[in-house]
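Q: For reference, the structure I am asking about is given below.
No value in this document is a laboratory result; all are computed from the given coordinates. No experiment lies behind these values; they were computed from the predicted model shown. Please note: Cβ atoms are built from the backbone with ideal geometry, for glycine as well, and neighbour counts cover all protein chains shown.
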């Protein structure tokens, strides 16, 4: 086994996903302990350019038309050959719609142990995961064999995994990629939202705590006063109360506003990963133990519905 | 006829306070209350929706746990045809590698066309169930699915990507899909219907002789997150809070 | 909302119709005059596709399956206003409307908010989705001991059935704590069940989930059977109604009193404890399940009048004509749904009356009400300064320094 830490680079429609940089930052920390290199695995088609921004020591690049966009079968075929050949100390995958599709299958197939929901790693090869909606932390130790780590955002900054240096790119030999059982027919773009919440300076995030659809109108009034846009955690979008373009979190948008005012959101990790990069988070929630208060700079334990009107009055009065 | 198998498990109910076992390396099972993994609940709904749309047979497989019989009878009241409980040493909640291998053995006997399961669960420390089962059965796996349409020889599965992007995946059957959300929210069934099922439906028990707890990393310790970095709480009545918030808005220049 | 296909009519209609005869006075439905008084007095009758009178007419015509696809039954607050005024004494609320909700619920036509409350009731024994282990957490806020069944293992005089909102809702817990103080001052020998208490289930029953009601009743029966006590008291008219009128039909029979009855029996002990805190003008809102359903009108008023300096005045709608707060029959879990349909809150109509009566205080006797009326007071012009308090709170206030 080598001392190198590998990272499966994720990209969709020609853009490297943020989780890739987060994993590179984590890999660097691990590699400092093992004394090995950080190696990116980039699979694509005419996509070598995507390697340029990766803060890796080198990038192994596999090119094939069937790899142009992610499909689990094609990725798995490449990785089940590559990983045993290279014997890395650890391979980092995103605990995402891409990484999670292959890491379990590969763990089972190659008999490599897997730890999921990892937020951070340390140079002494300890891995910190969070389970039970972020209510329990787990510290695991890398074993003497190659290990798989599936990562979630939250600890490392995207910038820490980016570099202008441009790593050395080495092409790899690919197995036959025919007889694929899963193929991408097409992407369906989200309905063009009225706004792009990733570009907004002020966002008001609403969650289950707002209780009913008509309360959204109420909060829209507040948003208008503040010059803010409304976004939401998944349950609100699932109810059809706001369009998917307004969803923040895993399988939604990642936002970085100056102010994120969180109303009635408990703060499950799936939501937090989409808004943890906000410059300031102020959270209002009735539950003093809500995990959102771990993310927020300021917290208000109060009934949302008693607060909105006085807040609107105060804003009008002040401005 | 399409045979659909759903793999469902019970997970810790996060409404309850969680405690760490005395050895510091696991959840304290004594105080744990369990409920169905919400993603598995969506998988069950999706299976029943497919059955209602095109016909077929839905089998639910679940490992033994406190409350699992009620959960299984509830799925029968929703429209599941066959209920299977895995019986064995499930008390300490085996990891997903072990559970997947038990699921796979029993699911195989059903010769399913399609296996649905939740894309994740809140206690997936060694990865989600779906991909592990898929490998054991040598079936393809796709996760983060929020819509399934059956076609000749395969399915179209709508896979979610960040930002609301959907990938339409053509998947050859038999296959395993990890369900993120069913096309309709999971339905409510009246308790009287569940009680009827308790009288009329049967749960098949399948013995699982061995559960090998490998495939994860050794756990050094489990602990509750430190509360040190918690938010600074703003106190007062609604007017005082509103005033303080407006002050903050002005400070960071958003007003 | 996705709708499974309706049951075949007219067979369904006939079976449904005859099932109504099983209720007490159920056969009175045959004598319906189609006077539509029920639909007129119904607070939401104007937004229902099927107000009670029309439902009866359609049943007579043998076509009721449209009712299953309409969501108008979810506008019914089970307030008994229709039942109270029916000239033919048809049990409109307990038979027709409740049975209709049962059918609509069986057909899967359940608003999301209600679905959550029912699932929570099943899982946690309360519709709020709170941990059952925290059911008695409110006692930790008090500087004296509240005896729980687990600690007091001897026969007691009284079992206090606390109820859901009284146990968990932050506003209503203030009333609960005040009641504990009152029981202490009166030196009552009592226990509460703590985590073993489950929702009484009455509002779930009236929202069409009879099976869930039975499950909850059985759990409470089991908890009762482990204790020895003389009678049950409760601050919750819905729990009171369940224990008094519904549990006995399941073979669960205990003497039960609403706190108003219980305290009036001890009026002579209470009176010396009450100080004169000055003049205050108070009106009392009759909760549906204390007043119209159980004919308890005088006891709450007697308690209020015992407070020195208190002037009790009546609102235009009082006693049998009292206006519903909107929380009954599953209304606590249908606020969003009903707002969308009616764009009106019943609590606000009631608050307008309180404002027109020019009172300082609106006095209550049901745990569903304080949060609903406090919200309404904020929304109604002229009601902003009306204090919303349970009778218990008013009593305890004048007992304290």
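Q: Identify the residues of region C:55-89 with backbone N under 17 Å of a label point that sits 7 angstrom from the Cα of residue C:34 along the Cα-to-Cβ direction, or state none.
A: Those under the cut-off are C:55-64, C:87-88.
Q: Average partner chain C-beta neighbours within 10 Å, per residue of B:33-39? Please list the in-between numbers first.
A: Details: counts 5, 0, 3, 1, 0, 0, 0.
The per-residue average across the peptide is 1.
Q: Normalised by the residues of region B:19-154, what does the relative contact order come to in percent, with Cα pairs under 8 Å and at least six apart? Don't skip to the answer; put the middle values down first.
A: Details: 148 pairs, mean separation 32.0, N = 136.
Result for region B:19-154 is 24 percent.
Q: Is there a simple number for the mean count of other chain Cβ atoms within 10 Å of the Cβ of residues in B:149-162, and what is it?
A: Numbers: counts 0, 0, 0, 0, 0, 3, 0, 1, 2, 1, 10, 5, 12, 17.
So the per-residue partner count for this stretch is 4.
Q: Mind ranking C:17-28, A:262-273 by how tightly packed they are, going by the mean number of other C-beta atoms within 10 angstrom, highest first?
A: A:262-273, C:17-28
Q: Taking the Cβ-Cβ separation of residue C:15 and residue C:49 as r and a Förster radius of 22 Å, what is the calculated FRET efficiency to the nearest 0.05? Can you show the working numbers first?
A: Numbers: r = 22 Å, r/R0 = 0.98.
Using R0 = 22 Å, I get an efficiency of 0.55.
Q: R0 = 35 Å: FRET efficiency of residue C:298 with residue C:250, Cβ-based, nearest 0.05? Intermediate results must be reported in sequence, preceding the final value.
A: Working: r = 30 Å, r/R0 = 0.85.
Efficiency, from the Cβ-Cβ distance: 0.75.
Q: Could I ask something else about it? Test of understanding: extend the Cα→C-beta vector of residue A:287 to 7 Å, then name every residue of region A:105-145 with backbone N under 18 Å from that spot.
A: Those under the cut-off are A:130-137.
Q: Right, next: With 10 Å bins from zero, work out the P(r) of the protein assembly as shown over every alpha carbon pair and list the percent per bin.
A: 2, 11, 19, 22, 20, 14, 8, 4, 1, 0
Q: Still on this structure, I have one more. How high is the relative contact order of chain B? Use alpha-carbon pairs under 8 Å, at least six apart in sequence, and give a whole percent. Let's see the in-between values first.
A: Details: 490 pairs, mean separation 59.8, N = 255.
So the answer I get is 23 percent.
Q: Now for a different question. Per the helix-only calculation at 222 nm, which mean residue ellipticity applies to chain C, given -39500 (n - 2.57) for every DSSP H run of n ≥ 4 and division by its residues, nearest 500 deg cm²/dmol? Present the calculation step by step, with values, prior to reporting the outcome.
A: Numbers: 19 runs with 160 residues, N = 401.
Taken over chain C, the calculation gives -11000 deg cm²/dmol.
Q: Put a dot 7 Å past each Cα toward the Cβ at residue C:399 and residue C:88; how far apart are the dots in nm?
A: 4.9
Q: Please identify which residues in region B:70-85 have an amide N closer than 20 Å to a label point set 7 Å out from the Cα of residue B:15, following the Cα→Cβ vector.
A: Of the residues in region B:70-85, B:70-75 have backbone N under 20 Å from the label point off residue B:15.
Q: Quick check: the distance between the Cα centres of region A:53-102 and region C:26-84, to the nearest angstrom?
A: Rounded to whole Å, the Cα centres lie 64 Å apart.
Q: While we're here: With labels modelled as points extended 7 Å from the Cα through the Cβ direction, what inter-label distance (nm, one decimal) is found for residue C:360 paired with residue A:189?
A: So the label points at residue C:360 and residue A:189 sit 6.7 nm apart.
Q: A further question on this structure: Would you compute, from DSSP H runs of 4+ residues alone, the mean residue ellipticity of chain A at 222 nm, taking -39500 (n - 2.57) per run and dividing by the full residue count, rounded to the nearest 500? Walk me through the numbers before you get to the answer.
A: Numbers: 8 runs with 88 residues, N = 319.
Here the helix-only value at 222 nm equals -8500 deg cm²/dmol.
Q: What percent do you get for the relative contact order of region B:1-88 when only Cα pairs under 8 Å and 6+ apart count? Let's see the in-between values first.
A: Values: 133 pairs, mean separation 29.4, N = 88.
Dividing the mean separation by the residue count of region B:1-88 yields 33 percent.
Q: Compute the long axis of helix B:68-78 from its Cα atoms, compare it with the longest principal axis of the Cα atoms of chain B, and write down the angle in degrees, 0 to 90, nearest 10.
A: Computed tilt is about 70 degrees.
Q: Out of all DSSP beta bridges in the protein assembly as shown, what portion is antiparallel? Express it as a percent rounded to 5.
A: Rounded to the nearest five, the antiparallel share is 30 percent.
Q: Using 0.36 nm per residue of separation minus the Cα-Cα distance, give me the extension gain between residue C:340 and residue C:24 in nm, one decimal. Working shown, then result.
A: Details: separation 316, 0.36 × 316 = 113.76 nm, distance 3.45 nm.
Full extension from residue C:340 to residue C:24 adds 110.3 nm.
Q: Using just the Cα positions, wrap chain A in a convex hull and report its mean projected area in square nanometres, one decimal place.
A: Mean orientational projected area (chain A, Cα hull): 17.4 nm².
Q: Further, regarding this structure: Please find, in a Gaussian network model of chain C (springs between Cα atoms separated by less than 10 Å), the residue of C:207, C:100, C:379 whose mean-square fluctuation is greatest.
A: C:379
Q: Given points 7 Å out from each Cα along the Cα-Cβ axis, report the residue C:273 to residue A:157 separation in nanometres with one decimal.
A: 6.2
Q: Provide a whole-number value for the mean count of partner chain Cβ atoms within 10 Å of the Cβ atoms in peptide B:205-217. Intermediate results must be reported in sequence, preceding the final value.
A: Numbers: counts 0, 0, 0, 0, 0, 0, 0, 0, 0, 2, 8, 9, 17.
Mean shielding by partner chains, rounded to a whole number: 3.
Q: Under a 10 Å cutoff between Cα atoms, tell me which one of B:140, B:22, B:186 has the largest fluctuation in the Gaussian network model of chain B.
A: So, out of B:140, B:22, B:186, the one fluctuating most is B:22.
Q: With angles folded into 0 to 90 degrees, how steeply does helix A:18-34 sit against the dominant principal axis of chain A? Use alpha carbons for both and round to 10.
A: 50
Q: How would you order B:108-119, B:151-162 from highest to lowest mean count of nearby Cβ atoms within 10 Å? Write out the running numbers ahead of the final one.
A: Values: B:108-119: 22.9, B:151-162: 18.7.
Per-residue Cβ counts within 10 Å, averaged per peptide and sorted highest first, yield B:108-119, B:151-162.
Q: Which order results if C:247, C:297 are arranged by neighbouring Cβ count within 10 Å, fewest first? Spell out each step's value before the answer.
A: Working: C:247 25, C:297 17.
Least crowded to most crowded, the residues run C:297, C:247.
Q: Classify region C:11-106 as rounded, prolate or oblate, taking a ≥ b ≥ c as the square roots of the eigenvalues of its Cα gyration tensor: rounded when a/c is under 1.5, otherwise prolate if a/b is larger than b/c and oblate if not. Kindly include the intermediate steps, with their values, before the conclusion.
A: On the way: a/c = 1.41, a/b = 1.08, b/c = 1.31.
It is rounded, given that a/c, with a ≥ b ≥ c, falls under 1.5.
Q: What does the highest-first list of C:225-231, C:190-196 look like by mean Cβ count within 10 Å?
A: Numbers: C:225-231: 13.6, C:190-196: 21.4.
Highest mean packing first, the order is C:190-196, C:225-231.
Q: Then there's this: Where does helix A:72-86 land angle-wise versus the long Cα axis of chain A, in degrees 0 to 90, nearest 10?
A: Helix A:72-86 sits at roughly 50 degrees to that axis.
Q: While we're on this one: How high is the FRET efficiency between residue B:110 and residue B:172 when r is their beta carbon distance and R₀ equals 22 Å, given to the nearest 0.05? Let's see the in-between values first.
A: On the way: r = 19 Å, r/R0 = 0.84.
Here the calculated transfer efficiency is 0.75.
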